[in-house]
1. Using a simple charge model, +1 on the beta-carbon of Lys and Arg, -1 on the beta-carbon of Asp and Glu, nothing else, what dipole does segment 76-174 show about its Cα centre, in debye to the nearest 20?
2. How high is the relative contact order of the chain? Use alpha-carbon pairs under 8 Å, at least six apart in sequence, and give a whole percent.
3. Any idea what the dipole of segment 1-108 comes to, in debye rounded to 20, about its Cα centre with Lys/Arg Cβ at +1 and Asp/Glu Cβ at -1?
4. Calculate the dipole size of segment 98-156 relative to its Cα centre from +1 charges on Lys and Arg beta carbons and -1 charges on Asp and Glu beta carbons; express the result in debye to the nearest 20.
Amino acid sequence: MADVVLFHSALGLRPAVLAAADRLRDAGNKVWTPDLYNGRTADNLPDAIEIRDSIEPHLMFDRAEAAMADVPPGVVYAGYSLGASYAALVSRARGDASALVFLHDAPTFLPGIPATMHIADPDQWLVRDDLHRAEENPDTEVFKYAGCSHLFTDPETKESTPSDAAAAELTWERVIDFLERTDKRRQGS
């Protein structure tokens, strides 16, 4: 299966990210989960923004790159919200991604490789122009989940809604299917 680097959201490397990594591993993938915050986490957005803003962006990028030391070429970069941006940035810097998985964000950088995007609809955190660019990109599949919170795949957020659990389950089924298709394509099958 695929080699996957999964970047956390502004909330940090929380249990939901680690559980997602385990789920991807259970499906046969090898998964790395870099910690851009050096162990700091938050359970609400104001605290998350405070942590994020206390770390220089170049330092987080350096941490992301350092985490790639043992990652082979052809990896799938994935990320939650803020982590989706880092997935796109590292993909661009390394130039070796086989695919991208964006959860809860529509990064501006879409490099012409297969990508899957999973977002709440509506989501006040998305930049509409970035979302429209993704929807028009033939390499990107966009899935929208109505009535969900921004980080609907993280059930422990205070913003969680009743719709989140079903949407999260469907998201992970679709992501695993995407990884299987990506791996087959990479192997030439």
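1. The dipole of segment 76-174 has a size of about 260 debye.
2. Rounded, it is 19 percent for the chain.
3. Charge dipole of segment 1-108: 240 debye, to the nearest 20.
4. For segment 98-156, the charge dipole is close to 60 debye.
Values quoted throughout were computed directly from the atomic coordinates according to the rules given, and no laboratory measurement underlies them. Here the structure is a predicted model, which is why all the values come from computation and not from measurement. Cβ atoms come from the backbone with ideal geometry, glycine included; neighbour counts cover every protein chain shown.
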